[in-house]
2 protein chains.
Amino acid sequence: MNDVKLTSTLAFRLGTLGAVVTERFSARLAAHGLKPKHVGLLAILEAGTATSQLDIAKLMNVAPSLVVSLADRLEELGAVRRERDPFDRRRQTLALTAEGRELLAACTGAAAELDAELTDGLRLEEVKALRSVLGTIAGRSGLPAD
Amino acid sequence: MNDVKLTSTLAFRLGTLGAVVTERFSARLAAHGLKPKHVGLLAILEAGTATSQLDIAKLMNVAPSLVVSLADRLEELGAVRRERDPFDRRRQTLALTAEGRELLAACTGAAAELDAELTDGLRLEEVKALRSVLGTIAGRSGLPAD
DNA sequence: TCGCAATCATTCGAATTCTGAACGATGCGG
DNA sequence: CCGCATCGTTCAGAATTCGAATGATTGCGA
């Protein structure tokens, strides 16, 4: 008989740990008036992976209508400008403003702080290995790998 | 200047990856009529970490009222029996039934399958290291460490 | 022993988050 | 020019979770 513990499976652990970490990240982001998904959108814009709202929705695995409200909020904060694509006026292009870059940097800093808490006491090589393996798993799951 | 990418922070990656993995786990669980939290509850019962609903709620970082509906569902499936604690009749203790054990085993198997998909192609030592590090991070975050 | 505050489970209304089905505007092939 | 697909938007509602109110029970202090 196989007596694997549920709590030691990656599936369960990544799920629960992900929820806890997101919660903590979200708490830090609250100071900036943002939620994790807002920051995820900013990161996509900075990476240049997508600019139209529909493409962003696909990258984020999220309904296009959700991108609308995320963009609304970000525009309200001056982090993002909405521009009609002149070559296809159906498309709304989202452009990162200078404030948007600052905001993203601040939020990335918050994430880095949280990282420091999470990995406190761990050996550097362990953390590097962790990042590396999570990167490959993420990449294989359709998420950005680096 | 520090040009850390948001997507490479553990905070963000654990969050997004956790969401994706939970989604996939949830899809497999649907065949058994359960959600991840139901299975988490069953795992707590099997581990014997808590039996009263309130203690379970604390362990799961969840409102007591949510445990009620989770337990309702599990009782409905015959996976769990509700018994009044004879020494404190305010307390409802949840007891795993034989079916509950089977169900948990099946769900743990589903998680293990998912693990295999996630770690396919990775070296065994990498996976072991991943489990180990995630275990310590989880333990430090108030989650079961093994 | 009586009464009162605390504890536990439960119910229920509400907040949050997200999706999916419309709809209008725009682009494109014939 | 017309039908049809695409994109953004709106909006109703599904899903999940919490928090406050309630009732039953307990334990404690006077």
- Message: So, B:Thr108, is that one hydroxyl-bearing (Ser, Thr, Tyr), open to solvent by less than 60 Å² (accessible area, probe 1.4 Å) and more than 18 Å from B:Pro36 (Cα to Cα) or not?
- Response: no
**Message:** When you check A:Glu99 against the structure, is it without any contact (Cβ under 8 Å) to a residue 12 or more places away in the chain, away from DNA strand C (no atom under 15 Å from the Cβ) and more than 28 Å from A:Gly139 (Cα to Cα), yes or no?
**Reply:** no
In the set A:Gly18, A:Gly40, A:Gly78, the lone residue that is open to solvent by less than 40 Å² (accessible area, probe 1.4 Å), at pLDDT 95 or above and more than 17 Å from the chain's Cα centre (by Cα) is A:Gly78
Subset of the range A:87-105, residues outside any helix (DSSP H, G or I), surrounded by 15 or more Cβ atoms within 10 Å (Cβ to Cβ) and not basic (Lys, Arg), comes to A:Gln92, A:Thr93, A:Leu94, A:Leu96, A:Thr97
Filter pass, A:Asp88 being within 11 Å of DNA strand C (Cβ to nearest atom) and acidic (Asp, Glu):
yes
Across the range A:55-65, the tally of residues that are surrounded by 15 or more Cβ atoms within 10 Å (Cβ to Cβ) and more than 8 Å from DNA strand D (Cβ to nearest atom) stands at 3
Pairing a residue in the range B:121-135 that is closer than 17 Å to B:Asp146 by Cα with any residue that is of a type in the set (Asp, Glu) and open to solvent by 40 Å² or more (accessible area, probe 1.4 Å), where Cβ atoms lie under 9 Å and the two sit 6 or more apart in sequence or on different chains, gives B:Ala129/A:Glu126; B:Ser132/A:Glu126; B:Val133/A:Glu126; B:Gly135/B:Asp146
task: State yes or no: is A:Ser52 surrounded by fewer than 21 Cβ atoms within 10 Å (Cβ to Cβ) and at the interface with another protein chain (Cβ under 7 Å from one of its Cβ atoms)?
output: no
Only unsatisfied item for B:Arg73, checking (1) away from chain A (no Cβ under 14 Å); (2) open to solvent by 30 Å² or more (accessible area, probe 1.4 Å); (3) away from DNA strand C (no atom under 13 Å from the Cβ), is (3)
Selection over the range B:21-37 where residues are more than 14 Å from DNA strand C (Cβ to nearest atom) and open to solvent by 70 Å² or more (accessible area, probe 1.4 Å) yields a count of 4
Among residues of the range B:27-49 being within 9 Å of chain A (Cβ to nearest Cβ) and not β-branched (Val, Ile, Thr), the residue farthest from B:Val67 (Cα to Cα) is B:Arg28
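The values are calculated or read from the model by the stated rules, or taken from the named source; none is laboratory data. Treat the numbers as computed from the prediction; the structure is a model and nothing was measured. Neighbour counts are summed over all protein chains in view; Cβ atoms, including those assigned to glycine, are modelled from backbone coordinates with ideal geometry. In case anyone asks, the SASA skips ligands and DNA or RNA and just uses the protein heavy atoms, side chains included. Shrake-Rupley method; radii C 1.70, N 1.55, O 1.52, S 1.80 Å.
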